[in-house]
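*Asks:* Structure incoming, see below.
The values are calculated or read from the model by the stated rules, or taken from the named source; none is laboratory data. Note that the structure is predicted; figures quoted are calculated from it, not measured. Cβ atoms come from the backbone with ideal geometry, glycine included; neighbour counts cover every protein chain shown. All accessible areas refer to the heavy atoms of the entire protein, side chains included, with ligands and DNA or RNA removed. Shrake-Rupley method; radii C 1.70, N 1.55, O 1.52, S 1.80 Å.
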Protein chains: 2
Amino acid sequence: MTLPMIKTYMKYLLILATLLMVPLGALYSQDHTKSKLTSYVNPFIGTGAVAASLSGNNYPGATVPFGMIQLSPDTRNAPDWAQASGYDYNDKSIFGFSHTHLSGTGVAEFFDVLLMPVTGDIAINKDVTSDSMEGWQSAFSHDNEKAHPGYYQVNLSRYNINAELTATTHAGFHRYTFPKNQQPRVVLDLNHSLNKNSWSTRIINSQIKIIDQYTIEGYRLITGWAKLRKVYFYAKFSKPIVGNKMVDGNTTYSNNWVVNGSDLRAILDFENKNNSPLLIKVGLSSVSSQNAKLNLDTEIRDWNFNKVVADADNVWEKELSKIKIEGTDLQKEIFYTSLYHVSVQPNTMSDVNGEYTDIDYTKRSLSEKEGKQYSTFSLWDTYRAAHPLYTLLQPERTSDFINSMLRQYDAYGYLPIWQLWGQENYCMIGNHSIPVIVDAALKGLKGFDVERAYEAIKTSSMTPHLNSPFDVWEKYGYMPENLQSQSVSITLEIAYDDWCVAQLAKKLGKEEDYNHFTKRSLFYKNLYNSQSGFFQSKNDKGNWIEPFDPFKYGSNGGYPFTEGNAWQYFWYVPHDVNTLVKMVGGDKAFTKKLDDFFTLEHQSGELNDNASGFIGQYAHGNEPSHHVAYLYNYAGQPWKTQYYVSKILTELYNNTSAGYAGNDDCGEMSAWYVLSSIGFYPVNPANGIFVIGTPHLESASIELLSGKTFKILAQKQSPKDIYIQSASLNGKKYDQTYITYNDIVNGGTLEFKMGSKPSKWGSKPQNIPPDGI
Amino acid sequence: MTLPMIKTYMKYLLILATLLMVPLGALYSQDHTKSKLTSYVNPFIGTGAVAASLSGNNYPGATVPFGMIQLSPDTRNAPDWAQASGYDYNDKSIFGFSHTHLSGTGVAEFFDVLLMPVTGDIAINKDVTSDSMEGWQSAFSHDNEKAHPGYYQVNLSRYNINAELTATTHAGFHRYTFPKNQQPRVVLDLNHSLNKNSWSTRIINSQIKIIDQYTIEGYRLITGWAKLRKVYFYAKFSKPIVGNKMVDGNTTYSNNWVVNGSDLRAILDFENKNNSPLLIKVGLSSVSSQNAKLNLDTEIRDWNFNKVVADADNVWEKELSKIKIEGTDLQKEIFYTSLYHVSVQPNTMSDVNGEYTDIDYTKRSLSEKEGKQYSTFSLWDTYRAAHPLYTLLQPERTSDFINSMLRQYDAYGYLPIWQLWGQENYCMIGNHSIPVIVDAALKGLKGFDVERAYEAIKTSSMTPHLNSPFDVWEKYGYMPENLQSQSVSITLEIAYDDWCVAQLAKKLGKEEDYNHFTKRSLFYKNLYNSQSGFFQSKNDKGNWIEPFDPFKYGSNGGYPFTEGNAWQYFWYVPHDVNTLVKMVGGDKAFTKKLDDFFTLEHQSGELNDNASGFIGQYAHGNEPSHHVAYLYNYAGQPWKTQYYVSKILTELYNNTSAGYAGNDDCGEMSAWYVLSSIGFYPVNPANGIFVIGTPHLESASIELLSGKTFKILAQKQSPKDIYIQSASLNGKKYDQTYITYNDIVNGGTLEFKMGSKPSKWGSKPQNIPPDGI
């Protein structure tokens, strides 16, 4: 998703360029036995672009599943969109280790409470930039860097300090080994943030306070991509602080105990009686320093760094074990790293006592029964595949996710569009909490009040808000571009959200609502121009806006299409693909159009920054294309689905730092890989149907919470055997090109015979139903 | 105090200019019987400058003593420093009525939740300026405007709407009478604020939510002079809302129920079945909309507007009755308006349930026993006279004030410098919570923990922070200008604060601390240049910084003097005046220097914006001069104190909109008047001594909480009898030129015989002791 403001070019060189990359395989832990699934996770995948390509914008640091803490190195002092995770594999220096990071976003945010071990005299009151070594940053080499789930290690070569990081849900744990006889020092930077020129970012206020020789606490309030984030911390050190400098902008205080300001840094000197490593434990909270302390004290009671590493490894092993696969080591590396990436967020927002700062800046408290509060909902991305995957792997967390979204509704009046540290940032378009909630409700997931959820999705679909002018929607039956920019994309996406509302209305017996939202779900037809064969924009007079160029890109406003072109958005009718097929003239015309889509190389003007990972007009680097390869199934040519899905799996994912064709987008690119490599994908993410692509792996077993297992087997003689020859479900011949959620959760085995040539399997005229539950 | 950035000139024309003003006497309530003291309060005093002068920057709106709510008209859309209260008597239009205002500050702030009754079609999505009538503002005339304590009324001539306002501690109450058969409408503006070009002011986020036809709630987070203010509101209407428009920047929604954004306005249409007035009740809170509702429901239970007006009048009557005076109507008007102005702040910060948002942005809750939380501490101003006056009139609130300050210390590490809506803004210099706390402690006021208070004042005096680099202070024995700008002013003021610390240390038996802080309290001597006879700046090498010009002004940084010149700051040794007298060569040289001060008209370069109300170099418009007229007493010429105090009382205060010679500064200018007109002033605001000036009133009775009364009588034949001929205390001849706090609280009568010629009373060699308790 979005990469605002700055433009890059020639992203379609990605595939070629990745071939030139040094593989990262050598970098991950050699001492980590391959008997564990965590040993296949390579946190460096997606951490660095090549040439002008995008990377996944992932970070390599330490985190536990869905944690609040992502303790990871920052290779820029002021990360921008191209280093949105804080870390760029191409960078040569590290500025420190901050405790919060986003995985795969197109906007940089978080980077809270940066610590950096140093020695010697270090200037901390100067502006430091990536290009200068005037600050405290250190060069580092990937040769002396290692990461696996819940653990990161690097040698900071400027100081010859070995830095190791691990994490629990609410706390980070640092182990810094200094050279002998060097005074251990640690820089604390509370002004470290995304580039201050972006999103009007600035520190509103912050504090560093030394509680005793072993303890500091503080906070910062920052405005940026999230309108306001309150971040409190509480840190314990294994050695006493014997001196300090505190800096507030241009003012330096020596051996002070507290400093308040909006440009705070400190350098802490530690006793060096022996050469044991300096250990630092840091708890965070959105509520108070007191809660940060409680979080820390609850989760890391002693000073056993290795135990916290082992605990993190174990919790990751448990998460990853939810899908057991067989395949090549490369496949396992990409697969489990993808599963890892999809499981690092949404992030825990509530403290161990259930308190959190709500979207309206009040303190809220959840009982144990009410569950946990989560945030980091990159919904325009993650509703497509990540959330459907969570319904299989994280049914209990899914209810917490949904209850968290409903709490935004309670305070804000509508459900999240993109929620970050509890704050709505309105990134992208649509209201894709709705498919997430409806999907879970229709699948019968427990733990949330479906009637209340329905009220929330209906109200969110009737209350006009930014990029969702429902009054305009109902008046015109489409979004007129002169009244609402990005009108075609919004029309298509809201029509889909409306279909979702209708389905839940139907289930709850709300016939009037069902009719109303079903009618709205068909508004997409009002922008179909049968002359051009594309969805096009109209003005409020009902006239097509000319000239129309289906190759021309829009970004995030000012054009009818969002981060894409008319070709890419043509396919966005996931709830009514069969009608879409008919609209263009039936199966043949539809597959012809798909063929064109995957082969036309034409470009008009500049690409959007997010468009990358091209196959013709298909751009795997951004989400609007993600379901398109699966659409051949709807028109009797499943072998072409198999061809393109296989091509994407093998060519647009790899195990280098540029392992993704575009931003991972909080695990969405990863979720596509996890599901597609198993063999299916939710073209409509809320209808309980997974459309079959091509099983990429020898086998995959989904271990369900119920104790049941759903196994996908693919008999292949060679990697070229990408085409399904036949299939069976639980031993019975299976000719449908989709399976349902119920098929999966009931447990069983789906077995494919594969071959190197397209077969007639699944090509008989058939309709994939609009509703699989 | 401060008027940043914008410069005005020729402020010394004030006295002349005020003579040209239309007196406001005619404007205040004629139907308000003079039997009540509230009838003497004229809230229009201080609300408007003349020519290039300053006004008091007071507001005329409705408030109750020390309340959270100041419901008052705003005559600018984006008030700046010269309309810091929101209202300028010279302005011709009103933009609406917002619920929070500052009285007399030099920076504009607050202006929360603006409501404006309108009729007809009004554009609310355009930027409105004072100069254009494109917005919703209305012209008004002072002929159709009225105010008395707790009540304000104006006719909005554009609409012919009569608007009336009243208030309780936490809630505002509006009564809008619309013309017959006109659709009642109300504009709600959440983006109304100080000028957005000042203090990086912007709305971080805000919300308007319609709860039901009679109820709205919402909030705004704003960054400005206060780093972050959370302001929640809850509003009830007496008529149903029948339609609305909500505007977020350039987007308008019709009949929506919620809007979130950073540029929010709404226009609400109300039913008009009969022509009864529209009543609106609004509760505020720093914690939550829920608390705003609780505040409102607790304080205004029904729709009886007149009863709330009467209640407000009664609570004011009770406050004003604490000093009963006899004198001319003009004297009473100025006196009771001054007493009113000194009693509108500090402002209540905690909600009725004891909750408030603390300085560290956490929610804190006070038990009933812990009292109330207050904010709006303009301490550089108010420690001089307002707080000493509060120790007499508000002993119980004083302990709440102090506990409120101590809670800043708990979270922030040091006591308030200038606290606004719970936020430290570091305005001005020194740490003048210290004299406030020490004064109360030495006077034996109850309700706070003196040991804890001592810890707070000591720590605040040892912890370097903005403009208080105590490490530098202790190293050099003065503030070197090259290390800390405003060095002379800061040296003088911190030396005084240190004296205060020493006194409390002494009382608590902390001898080492007493010695340490006593030593620091004499650091002022290190900047006395006996060659020039002035306090001058040195650099860190100990060299005088040349050239030196005692007439040259500094502002708030970049020069050794703060909002003043060396002449004005020469007198700032309130804890050691007797030594100061000796330093310049004894009584004669000292009184000669005072004579020069009050007569020298020379000016070098530009004046500071705050310097106004001149008598020679004396500038009554700003606080550094405030004690100087009383210093003649220390050198045996009390008749000159009597002369200048009388001159200031009569010439630099009046009952026009320009009734003050400068900003009222949260009641400090008023407190000077209240005390000086009674007859004395606390030259050292923490030593329990009030230095006698000249009684301006026929009599004044201070009604103490204990039930005792202290009465000051002045037998005068004519207004020219400004000179004390003789005095008696409780019937005994009294020749000292000061009285003590204990004299007052023990009750009694201080009686003066006055005459038109200077007498020898009080001129015998005597020392006013440095400590009166």
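*Asks:* What number of residues in the stretch B:359-401 are more than 21 Å from B:ALA411 (Cα to Cα), among the acidic types (Asp, Glu) and in contact with a helix residue (DSSP H, G or I) (Cβ under 8 Å, 6 or more places away or on another chain)?
*Replies:* Result for the stretch B:359-401: 1.
Here's the yes/no breakdown for (1) assigned by TED's automatic domain parsing to the domain that holds B:LYS708; (2) of a type in the set (Phe, Trp, Tyr); (3) in a helix (DSSP H, G or I):
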{"residue": "B:SER276", "(1), (2), (3)": "no, no, no"}
{"residue": "B:ALA292", "(1), (2), (3)": "no, no, yes"}
{"residue": "B:THR298", "(1), (2), (3)": "no, no, yes"}
{"residue": "B:ASN306", "(1), (2), (3)": "no, no, yes"}
{"residue": "B:LEU330", "(1), (2), (3)": "yes, no, yes"}
{"residue": "B:HIS341", "(1), (2), (3)": "yes, no, yes"}
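*Asks:* For B:PRO416, state whether it is in contact with a Cys (Cβ under 7 Å, 6 or more places away or on another chain) and in the same structural domain as B:PRO395 (by TED's automatic domain parsing).
*Replies:* Taking the combined requirement at face value, the residue does not satisfy it.
*Asks:* When you scan the stretch A:282-292, do you find a residue that is more than 14 Å from chain B (Cβ to nearest Cβ) and either open to solvent by 50 Å² or more (accessible area, probe 1.4 Å) or not small (Gly, Ala, Ser) (or both), even just one?
*Replies:* Yes: one or more hits.
*Asks:* Go through the stretch A:471-513 and give me each residue that's open to solvent by 10 Å² or more (accessible area, probe 1.4 Å) and in a helix (DSSP H, G or I).
*Replies:* A:ASP471, A:VAL472, A:GLU474, A:LYS475, A:TYR476, A:TRP499, A:GLN503, A:LYS506, A:LYS507, A:GLU511, A:GLU512, A:ASP513
*Asks:* While we're here: Filter the stretch A:347-387 down to the residues that are closer than 14 Å to A:GLY67 by Cβ and free of Cβ contacts under 8 Å to residues at least 60 places away in the same chain, then identify the one that is most open to solvent (accessible area, probe 1.4 Å).
*Replies:* Across the stretch A:347-387, the extreme among qualifying residues is A:LYS372.
*Asks:* Hey, another quick one. Looking only at the stretch B:351-399, which residues are outside any loop (DSSP other than H, G, I, E, B) and within 30 Å of A:SER286 (Cβ to Cβ)?
*Replies:* B:GLU355, B:TYR356, B:THR357, B:LYS363, B:ARG364, B:SER365, B:TYR374, B:SER375, B:PHE377
*Asks:* So which residues in the stretch B:622-669 are aromatic (Phe, Trp, Tyr) and open to solvent by 10 Å² or more (accessible area, probe 1.4 Å)?
*Replies:* B:TYR634, B:TRP639, B:TYR643, B:TYR644
*Asks:* While we're looking at this one, here's another question. May I ask you to list the residues in the stretch A:231-279 that are β-branched (Val, Ile, Thr) and over 15 Å from A:VAL187 (Cβ atoms)?
*Replies:* A:VAL231, A:VAL242, A:THR251, A:VAL258
*Asks:* Kindly list, by first and then second residue, each pair from a residue in the stretch A:540-560 that is in the same structural domain as A:GLN617 (by TED's automatic domain parsing) to a residue that is open to solvent by 50 Å² or more (accessible area, probe 1.4 Å), limited to pairs with Cβ atoms under 6 Å and residues at least 6 apart or on different chains.
*Replies:* A:ASP540/A:ASN482; A:ASP540/A:LEU483; A:PHE551/A:HIS602; A:LYS552/A:GLY605
*Asks:* I would also like to ask the following. Scan (1) more than 21 Å from A:ALA635 (Cα to Cα); (2) surrounded by fewer than 24 Cβ atoms within 10 Å (Cβ to Cβ) for the single condition A:PRO758 breaks and write down its number.
*Replies:* Only one criterion is unmet by A:PRO758, namely (1).
*Asks:* Across the stretch A:572-605, what is the total count of residues that are open to solvent by 10 Å² or more (accessible area, probe 1.4 Å) and β-branched (Val, Ile, Thr)?
*Replies:* Matching residues across the stretch A:572-605 total 3.
*Asks:* Any residue in the stretch B:308-315 that is open to solvent by less than 20 Å² (accessible area, probe 1.4 Å) and in a loop (DSSP other than H, G, I, E, B)?
*Replies:* No; the residues of the stretch B:308-315 include none that is open to solvent by less than 20 Å² (accessible area, probe 1.4 Å) and in a loop (DSSP other than H, G, I, E, B).
*Asks:* Which of the numbered conditions does B:ASN181 fail, given that it passes all the others? Conditions: (1) closer than 24 Å to B:ALA62 by Cβ; (2) more than 10 Å from chain A (Cβ to nearest Cβ).
*Replies:* So B:ASN181 meets the others, but not (1).
*Asks:* In the stretch A:51-109, what count of residues is obtained for those that are acidic (Asp, Glu), assigned to a loop (DSSP other than H, G, I, E, B) and surrounded by 24 or more Cβ atoms within 10 Å (Cβ to Cβ)?
*Replies:* 1
*Asks:* Another question, if that's okay. Right, A:ARG202: among the charged types (D, E, K, R), open to solvent by less than 10 Å² (accessible area, probe 1.4 Å) and under 26 Å from the mean Cα position of the chain (by Cα) or not?
*Replies:* no
*Asks:* Restricting attention to the stretch B:205-235, and to residues there that are surrounded by fewer than 20 Cβ atoms within 10 Å (Cβ to Cβ) and β-branched (Val, Ile, Thr), which single residue is farthest from the other protein chains (Cβ to nearest Cβ)?
*Replies:* Only one residue tops the list, namely B:THR215.
*Asks:* Pairs under 8 Å by beta carbon, first residue within 12 Å of chain A (Cβ to nearest Cβ) in the stretch B:469-480, partner small (Gly, Ala, Ser) and surrounded by fewer than 23 Cβ atoms within 10 Å (Cβ to Cβ), six or more apart or different chains?
*Replies:* Correct list of pairs: B:ASP471/A:SER254.
*Asks:* May I pose another question? State yes or no: is B:ASP189 farther than 24 Å from B:THR63 by Cβ and open to solvent by less than 50 Å² (accessible area, probe 1.4 Å)?
*Replies:* no
*Asks:* Among A:ILE689, A:ILE648, which is more than 25 Å from A:LEU54 (Cβ to Cβ) and either in contact (Cβ under 8 Å) with a residue 12 or more places away in the chain or not β-branched (Val, Ile, Thr) (or both)?
*Replies:* Unique residue meeting the criteria: A:ILE689.
*Asks:* Going residue by residue through the stretch B:246-267, is there one that turns out to be within 14 Å of chain A (Cβ to nearest Cβ), in contact with an Asp or Glu (Cβ under 8 Å, 6 or more places away or on another chain), open to solvent by less than 10 Å² (accessible area, probe 1.4 Å) and under 23 Å from B:TYR361 (Cα atoms)?
*Replies:* yes
A quick yes/no check of all residues on (1) at pLDDT 95 or above; (2) more than 14 Å from chain B (Cβ to nearest Cβ); (3) open to solvent by 10 Å² or more (accessible area, probe 1.4 Å):
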site: A:GLN408; (1), (2), (3): yes, no, no
site: A:LEU415; (1), (2), (3): yes, no, no
site: A:TRP418; (1), (2), (3): yes, no, no
site: A:GLN423; (1), (2), (3): yes, no, no
site: A:HIS432; (1), (2), (3): yes, yes, no
site: A:ASP439; (1), (2), (3): yes, yes, no
site: A:GLU451; (1), (2), (3): yes, yes, yes
site: A:GLU455; (1), (2), (3): yes, no, yes
site: A:LYS458; (1), (2), (3): yes, no, yes
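*Asks:* Checking A:LYS720 against (1) open to solvent by less than 80 Å² (accessible area, probe 1.4 Å); (2) within 33 Å of the chain's Cα centre (by Cα); (3) modelled with pLDDT of 95 or more, which single condition isn't satisfied?
*Replies:* Of the numbered conditions (1) open to solvent by less than 80 Å² (accessible area, probe 1.4 Å); (2) within 33 Å of the chain's Cα centre (by Cα); (3) modelled with pLDDT of 95 or more, the odd one out for A:LYS720 is (1).
*Asks:* For the stretch A:687-703, name all the residues that are of a type outside the set (Val, Ile, Thr) and crowded, with 18+ Cβ neighbours inside 10 Å.
*Replies:* Once the filter is applied, which keeps residues that are of a type outside the set (Val, Ile, Thr) and crowded, with 18+ Cβ neighbours inside 10 Å, the stretch A:687-703 yields A:ASN687, A:GLY688, A:PHE690, A:GLY693, A:PRO695, A:HIS696, A:LEU697, A:ALA700, A:SER701.
*Asks:* Which residues, counting only those in the stretch B:704-717, are out of contact with any Gly (no Cβ under 9 Å at 6 or more places or on another chain) and either open to solvent by 60 Å² or more (accessible area, probe 1.4 Å) or part of a loop (DSSP other than H, G, I, E, B) (or both)?
*Replies:* B:LEU705, B:GLN715 - these are the residues of the stretch B:704-717 that are out of contact with any Gly (no Cβ under 9 Å at 6 or more places or on another chain) and either open to solvent by 60 Å² or more (accessible area, probe 1.4 Å) or part of a loop (DSSP other than H, G, I, E, B) (or both).
*Asks:* Could you go through the stretch A:719-733 and let me know if any residue there is assigned by TED's automatic domain parsing to the domain that holds A:TRP639, touching a residue at least 40 places away in the same chain (Cβ under 8 Å) and closer than 24 Å to A:PRO685 by Cα.
*Replies:* yes
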